[in-house]
Amino acid sequence: MRLSRYFLPVLKETPSEASIVSHRLMLRAGMIRQASAGIYSWLPMGFKVLRNLENIVHEEQIRAGHNPMLMPTLQSADLWRESGRYEDYGEEMLRIKDRHGHDMLYGPTNEELITDIFRSTVQSYKQLPLTLYHIQWKFRDERRPRFGVMRGREFFMKDGYNFDIDKPSALHAYNRHMVSYLRTYERMGLKAIPMRADSGPIGGDDTHEFLVLADTGESEVFYDSAILDLNLGARAVDYDDWDQCAAINTEWTTPYARTDETHDETLYDQIPEERRMSSRGIEVGQIFYFGTNYSDAMNAKVVNAEGENVPVHMGSHGIGVSRLVGAIIEASHDDKGIIWPESVTPFKVGIVNLKQGDEQANGACEALYKELTALGLEPLYDDREERAGGKFATMDLIGLPWRITVGPRGLKNGVVELTSRKTGVSEELIPAEAVARLVEIYAAI
Ligand code: 5CA
């Protein structure tokens, strides 16, 4: 993409309505625009990052054996009356009447709708286990939408639902989600810690929230610092292997890690003092096992191997995809702007032409632009007639992990400069070497 043709409305001034850094940077970098309180338009660069996160979520869910699908944003109130949550959900639910006077709602989550699909299509244990998920906009009429996309009213969420014949099978589904979520966040360059949590209006006893540590997080968290050393890395996971998934769950849930809702001072005090940590965290996901709560209420039964009609065991599992855009920025920025991890960056590399109009500089930039594009390393080429300082400031603000700087002085010696946004370290390389270096970096992601 050429910057001269890209819609990137960066702001020079710091917007006064934004109180946390990710919100400020998303507005300044032209990623989002508020449409009304807690509701945002995603401008091209914000949309690109959102799509990148969505793709990672899909890849990891499909790898875990889960079925992608898409449910609507608007739902009939009837199903929610059946589960008893139509009244319970309170003012957070946006209720709508259609022209025929039917009660509708903008879905805050999808347990009812998916259970209805399940009960009308699945009758036998032979069709289990089954996990269905979608990534769709949700609406919760939050009392205090704030921090930009972190606590929106309309937000983009992955929600998945497992249906299993009994508790052991459903607990394997829980473990599978735990592992696939750990992998998802690691791929996004994040350390997200599973913490024992409270189940709130979703119901059930077994639940973990995934928290990214950040001073601006809304949750208070307590944990054993030993958990920070855990890493899934490149280990091979067989999602059908119950023992392996259970072992990974145990590995991550043994060190103490809880939100303030479930914090237990006695257990916390047993952690060696130097490892006792308390801080703030951003909740980027939550997994639940809630047994037969919904299948009982909504009569979702299957025939088991003994020929009996039994309610299915269920769980639901969510990832805050739009919130993650903010969480990644909270975890990865400096005073100049965003620093995107390579795995989620909107463009793989920026090309800065120091002397737009200079024949040699233009030629070298065009050649790099074509080659990088052909290699799938989508560049953003700053081809505007602007002074170098302004171009660097824009690149730093939008946070592409790599920048190639092309100018007449370097080209005299046949070199360009490759700079890391994270370390600020620059290297002079001939253009072909710079390209080869980027190929190598991105091949490892
Ligand atoms: N049905 C379950 C799991 S599918 C559920 O709704 N879980 S949840 O309430 O925990 O939401 C899942 C994730 O969505 C949260 O972990 C959080 O990351 C994100 N989320 C929740 N509310 C908001 C909001 N108002 N703005 C942005 N993200 C949100």
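Here the chain is treated with +1 on each Lys and Arg Cβ and -1 on each Asp and Glu Cβ, and its dipole about the Cα centre works out to around 1840 debye. Distant-in-sequence amide contacts of Gly285, defined by a placed amide H-H separation under 5 Å and a gap of 5 or more residues or a different chain, comprise Phe210, Gly320. Here the Karplus relation 6.51 cos²θ - 1.76 cosθ + 1.60, evaluated at θ = phi - 60°, turns the backbone of segment 175-181 into coupling constants of 5, 4, 5, 3, 5, 5, 6 Hz, with x for every Gly and Pro.
Computed on segment 347-443, with alpha-carbon pairs under 8 angstrom and 6+ residues apart, the relative contact order is 30 percent. The residue list Ala257, Leu267, Pro108 was ranked by how far each Cα lies along the charge dipole of the chain toward its positive end, using unit charges on Cβ atoms, and Pro108 comes out on top. Secondary structure note: in segment 323-445, about 55% of the DSSP beta bridges are antiparallel. In summary, the aspartates and glutamates within cross-link reach of Lys138, defined as a Cα separation below 16 angstrom excluding same-chain residues under 8 places away, comprise Glu54, Glu91, Glu92, Glu111, Glu112, Glu154, Asp159. Beta bridges assigned by DSSP with both partners in the chain are antiparallel in approximately 85 percent of cases.
Remark: for residue pairs Lys348/Lys422; Lys48/Lys348; Lys370/Lys412; Lys355/Lys422, the C-alpha separation exceeds 19 Å in Lys370/Lys412; Lys355/Lys422. Taking θ as phi - 60° and the Karplus parameters 6.51, -1.76 and 1.60, the scalar couplings of segment 140-148 work out to 10, 7, 4, 4, 10, x, 7, 6, x Hz in sequence order, x denoting glycine and proline.
Taking Cα atoms only, the orientation of helix 321-331 departs from the longest principal axis of the chain by about 50 degrees. For segment 308-384, the set of GluC sites (Glu not before Pro) satisfying both a DSSP loop assignment and a count of at most 14 other C-beta atoms within 10 Å is given as Glu308.
With a cut-off of 8 Å between alpha carbons and a minimum separation of six or more residues, what is the relative contact order of the chain in percent? Worked out over the chain, it gives 16 percent. Please give the helix 431-443 orientation as an angle from the longest Cα principal axis of the chain, in degrees from 0 to 90, rounded to the nearest 10. Its long axis makes an angle of about 10 degrees.
Mean-square fluctuation check for the chain, GNM, Cα pairs under 10 Å: which of Gly30, Gly410, Gly285 is largest? Fluctuation is largest for Gly410. Springs between Cα atoms under 10 Å define the GNM used for the chain, and in it the highest mean-square fluctuation of Tyr381, Tyr86, Tyr174 occurs at Tyr86. What separates the Cα centres of segment 163-203 and segment 3-75 is a distance of 24 Å.
In summary, the lysines within cross-link reach of Lys301, defined as a Cα separation below 16 angstrom excluding same-chain residues under 8 places away, comprise Lys126, Lys167. Under 17 Å from the Cα of Lys12, which lysines turn up, not counting those fewer than eight places away in the same chain? List returned: Lys336, Lys391. Report, to the nearest whole %, how much of the accessible area of the chain belongs to carbon and sulfur atoms, 1.4 Å probe, protein only. The computed percentage sits at 48. Counting only protein heavy atoms and a 1.4 Å probe, the chain has 45 square angstrom of accessible area per residue.
With the charge dipole of segment 347-443 set up from +1 on Lys and Arg Cβ and -1 on Asp and Glu Cβ about the Cα centre, the Cα lying farthest toward the positive end among the listed residues Thr373, Val425, Gln356 is that of Val425. Compute the separation of the alpha-carbon centres of segment 420-445 and segment 95-138 and state it in Å as a whole number. Centre-to-centre distance over Cα atoms comes out at 47 Å.
Calculated mean residue ellipticity, 222 nm, the chain: -10000 deg cm²/dmol, from DSSP H runs (n ≥ 4) at -39500 (n - 2.57) each, averaged per residue and rounded to 500. Can you tell me how segment 262-402 classifies by the Cα gyration tensor, rounded, prolate or oblate, using a/c under 1.5 as the rounded cut? Here segment 262-402 falls in the oblate category. Residues in segment 244-254 carry Karplus couplings, in order, of 5, 5, 5, 5, 5, 4, 4, 4, 7, 9, 6 Hz; the curve used is 6.51 cos²θ - 1.76 cosθ + 1.60 with θ = phi - 60°, and Gly or Pro positions show x.
The values are calculated or read from the model by the stated rules, or taken from the named source; none is laboratory data. Note that the structure is predicted; figures quoted are calculated from it, not measured. Note: ideal-geometry Cβ built from the backbone for every residue, glycine included; neighbour counts use all protein chains shown. Accessible surface areas use protein heavy atoms only, side chains included; no ligands, DNA or RNA. Shrake-Rupley method; radii C 1.70, N 1.55, O 1.52, S 1.80 Å.
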